[in-house]
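**Q** Here it is: the structure, laid out below.
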Amino acid sequence: MAPSNKIPLTRDTIRSGHIRELIRQHATTYRVLTDEELHASLASMFPDGKPNEDVWLFGYGSLIWNPTIHFAESRCATAHGYHRRFCLQTHLGRGSPEVPGLTLGLDRGGCCRGVAFRITRDTAYDELEIVWRREMVSDAYIPRWLSLASDEGSIRAIGFVMNRKHERYVGEMPEEEMARTIERAHGFLGPCAEYLFNTVDHLEELGMPDRGLKRLRDRVSEIRSEASRKPA
């Protein structure tokens, strides 16, 4: 999709179902969850089907710099047992069927620093429904309760971890291939590189830089610079 047709990722575009329907129309390699499946997945996180207290949500990628939800508090926090990796192929949002891109997932092993958002009980279900519509387009992610560590104490938060059985899971792609994939991919949400750069910049602003992502960002920038120097 051309840059002029970029669709902003906002509360309105998520809640309207416009983005999900766009993906549904163009998804050829995987199945988009129905609204019934989406709501069942969200309800399964709570004994009574809905939150009965404030809920924490863990953001490790675009949720950090574009949460699209209303929250009462945010804290820098660390999830142990998972690390952030560009391991999910995308043919639409940050890529195309012809030139697929990559998005982040929480993969097994290591640790990941991100942001925990506290959502008040009275708004939790509605806000989490927005998150589910955004993250659970398919079953590429698995929602789980994670134990986070923060300077203010431990936090039990919902996080979206990678489903390694999903057809779009690419595993440990070599870094050079990853950089070249990210550099050239573009979808209706914008360039894949923009997604990477925004994540790196905001993690640095929060005082928790990711060295791996920073190295990847620098390599993507180098590839762009090399391409610009080539004779026409």
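**Q** Treating the beta-carbon of each Lys and Arg as +1 and of each Asp and Glu as -1, no other charges, what is the dipole magnitude of the chain about its Cα centre, to the nearest 20 debye?
**A** In total the dipole reaches around 560 debye.
**Q** Between residue 206 and residue 5, what FRET efficiency follows from the Cβ-Cβ distance if R0 is 35 Å, with the result rounded to 0.05?
**A** It comes to 0.65.
**Q** If amide H atoms are built 1.01 Å from N in the plane of the peptide, which residues on other chains or at least 5 residues away come under 5 Å of the amide H of residue 187?
**A** Under 5 Å from the amide H of residue 187: 95, 192.
**Q** Right, something else. In units of 2.2 N^0.38 Å, what is the alpha-carbon radius of gyration of the stretch 105-159?
**A** So the stretch 105-159 has a normalised radius of gyration of 1.24.
**Q** If you fit an axis through the alpha-carbon atoms of helix 192-205 and take the longest principal axis of the Cα set of the chain, what angle between them do you get, 0 to 90°, nearest 10?
**A** 60
**Q** Of all the stretches in the chain, which is the longest one without any exposed loop site, taking trypsin sites (Lys or Arg not before Pro) in a DSSP loop (any state but H, G, I, E, B) with at most 16 other Cβ atoms within 10 Å?
**A** 32-163
**Q** Using DSSP to define loop residues, name the GluC sites (Glu not before Pro) in the stretch 12-92 whose beta-carbon has at most 10 other beta-carbon atoms within 10 Å.
**A** 53
**Q** Would you calculate a helix-derived [θ] at 222 nm for the chain, using -39,500 (n - 2.57) for each DSSP H run of n ≥ 4 and dividing by the full residue count, to the nearest 500?
**A** Calculated mean residue ellipticity at 222 nm is -11000 deg cm²/dmol.
**Q** With every protein chain present, what is the per residue accessible area of the stretch 1-131 (1.4 Å probe, Å²)?
**A** 47
**Q** How large, in percent, is the carbon and sulfur part of the accessible surface of the stretch 17-57 at a probe radius of 1.4 Å?
**A** In the stretch 17-57, the share of accessible area belonging to carbon and sulfur is 50 percent.
**Q** With the radius of gyration and the Kirkwood radius both derived from the Cα set of the stretch 110-232, what is their ratio Rg to Rh?
**A** Value, to two decimals: 1.02.
**Q** Any chance you could tell me what percent of the C-alpha pair distances in the stretch 1-70 go past 16 Å?
**A** The answer is 67 percent, as a whole percent.
The values are calculated or read from the model by the stated rules, or taken from the named source; none is laboratory data. Source: prediction; values computed, not measured. Backbone-built Cβ (ideal geometry, glycine too); neighbour counts: all protein chains shown. The protein model used for the area step is the full one, side chains on, heavy atoms only, and it has no ligands, DNA or RNA in it. Shrake-Rupley method; radii C 1.70, N 1.55, O 1.52, S 1.80 Å.
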